Amino acid sequence: MADDRPAISDQSEQALLSWLEAHGEPAYRAKQIRRSLARGSASSWEELTNLPHALRGALATEFRWSTVDLVAEEASADGETRKALLRLRDGSQIETVLMPHHGDRNAICLSTQVGCAMACAFCATGEMGLLRNLSTAEIIDQVRHWQKDLVRRGDRVSHVVYMGMGEPLHNYAATLASVRMLIDHELFAISPRRLTISTSGLVPQIDRLAAEDLPVNLAVSLHAPDDATRSLVMPVNKRWGVEAVLAAAARYVARTRRRITFEYVLLRGVNDSATAATALAALIVAHGRPQDSHVNLIPVNAGPGGFTRPRIETTERFAQILRDAGIVATVRISKGQDIAAGCGQLKVVNERRSGAAARV
Ligand code: SF4
């Protein structure tokens, strides 16, 4: 029979208070329950032993504990980065990644959609098309998935990047609602400065986010310094071109005082020339103070489109041209590459293994 219980992660404090009152329970239980869900190590209602047995039973009857079930998990060769494939109630599957860093931070990467409408040429998720948006609970339950493991080890999620499957700003309401839960001191209590929302460059939504007055970090996927190349790699560029995206990024910096990260996937022979690097540097300088910008160069992972990564010397030359213009440029060798940690890749690998409809 279909499980129609609402998800507990979708319940506001007010909604929970009303439910508790109707069940003759004291109001303080609302905060206690919500905090336990955000910061506890329990993985089911039964394990929430700080609550009376009868209350746990009533909550379990009324609310789904989680909207996600683990299907598969892979760890990178060094055992550090872990990627989980999660099944949603309708059978859809999404990915989330835990990236610990030198024992001083635990960053996680969240998905916001099943598939993605942006169709970036190098991206396995983009190949799927957009199947649907995630609910706020489905985003938050990815965080809870990792949090309970970390809490058991005396640790916690410290940083969150919205860079998994989907375009976070294309699912604006659920993404923002999840951000507000993550920064809530009564819940996950993560500083907004430790949250990063990544976008392919949806200009109206970048402006809308700037107006929220939440000092979250913004990462804008640029991937090319000119409209012709960017439109080839990112079809969304036909709607909002390079100049419009850079101008929106500058407005975001002016409003939030946060530095901006430009993501730049390096594709051999497509966008990795010295000319492209010089043009990119000039663009960033023209649209603001270079010291407010950080370019993250990402040699492409094997995936759709048949793209290959540039030679190391080419990548280094590209980075140096940016640095010579006063721009911070780093090269990201994607963590957990051996576990298919590129966007949407674990799902594709798992489908191939299980014989389900593979998309590549
Ligand atoms: S790279 Fe990001 S925005 Fe582009 S298709 Fe993939 S998930 Fe969507």
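Just a few scattered comments:
- Within the stretch 164-175, the residues that satisfy the criterion of being touching a Ser or Thr at 6+ places or on another chain (Cβ under 9 Å) and surrounded by fewer than 21 Cβ atoms within 10 Å (Cβ to Cβ) are His170, Ala173, Ala174.
- When the stretch 236-283 is filtered for residues that are of a type in the set (Asp, Glu) and buried (at least 19 other Cβ atoms within 10 Å of the Cβ), the ones remaining, listed by number, are Glu263, Asp272.
- Check on Arg258, in a loop (DSSP other than H, G, I, E, B) and of a type in the set (Lys, Arg): yes
- Boolean, Glu186 is part of a helix (DSSP H, G or I) and either acidic (Asp, Glu) or assigned by TED's automatic domain parsing to the domain that holds Ile33 (or both): no
- Failed condition for Thr314, given (1) among the polar types (S, T, N, Q); (2) over 18 Å from Ala121 (Cβ atoms); (3) crowded, with 22+ Cβ neighbours inside 10 Å: (3)
- Every pair of residues 6+ apart whose Cβ atoms lie under 7 Å, when the first sits in the stretch 275-299 and is on the phi > 0 side of the Ramachandran plot while the second is aliphatic (A, V, I, L, M): Gly288/Ala250; Gly288/Val253
- Restricting the stretch 151-179 to residues that are part of a helix (DSSP H, G or I) and in contact (Cβ under 8 Å) with a residue 60 or more places away in the chain, the residue that is nearest to Ser12 (Cα to Cα): Ser178
- Residues of the stretch 27-38 satisfying the condition of being surrounded by fewer than 18 Cβ atoms within 10 Å (Cβ to Cβ) and under 28 Å from Gln93 (Cβ atoms): Ser36
- Among the residues making up the stretch 1-45, those that are in contact (Cβ under 8 Å) with a residue 12 or more places away in the chain, of a type outside the set (A, V, I, L, M) and outside any loop (DSSP other than H, G, I, E, B) are Ser9, Asp10, Glu13, Trp19, Arg29, Lys31, Gln32, Arg34, Arg35, Ser36, Arg39, Trp45.
- Against the list (1) touching a helix residue (DSSP H, G or I) at 6+ places or on another chain (Cβ under 9 Å); (2) surrounded by fewer than 22 Cβ atoms within 10 Å (Cβ to Cβ); (3) without any contact (Cβ under 8 Å) to a residue 60 or more places away in the chain; (4) not hydrophobic (A, V, I, L, M, F, W, C), the condition Arg230 fails is (2).
- The residue that is surrounded by the most Cβ atoms within 10 Å (Cβ to Cβ), among those in the stretch 9-24 that are touching a helix residue (DSSP H, G or I) at 6+ places or on another chain (Cβ under 6 Å) and of a type in the set (D, E, K, R), is Asp10.
- Some residue of the stretch 222-233 being within 14 Å of the ligand (Cβ to nearest atom) and among the hydroxyl-bearing types (Ser, Thr, Tyr): yes
- Restricting attention to the stretch 233-242 and to residues that are in a helix (DSSP H, G or I) and without any contact (Cβ under 8 Å) to a residue 40 or more places away in the chain, the residue that is nearest to Asp292 (Cα to Cα) turns out to be Asn237.
- Residue match in the stretch 257-264 (condition: within 16 Å of the ligand (Cβ to nearest atom) and not aromatic (Phe, Trp, Tyr)): yes
- Of everything in the stretch 189-217 that is aliphatic (A, V, I, L, M) and part of a loop (DSSP other than H, G, I, E, B), the residue that is farthest from Trp146 (Cα to Cα) is Leu202.
- Unique match (being in contact with a strand residue (DSSP E or B) (Cβ under 7 Å, 6 or more places away or on another chain), more than 10 Å from the ligand (Cβ to nearest atom) and not small (Gly, Ala, Ser)) among Val114, Val151: Val114
The values are calculated or read from the model by the stated rules, or taken from the named source; none is laboratory data. Just so you know, these numbers come straight off a predicted model, no measurement behind them. Positions of Cβ are backbone-derived with ideal geometry, glycine not excepted, and every protein chain shown enters the neighbour counts.
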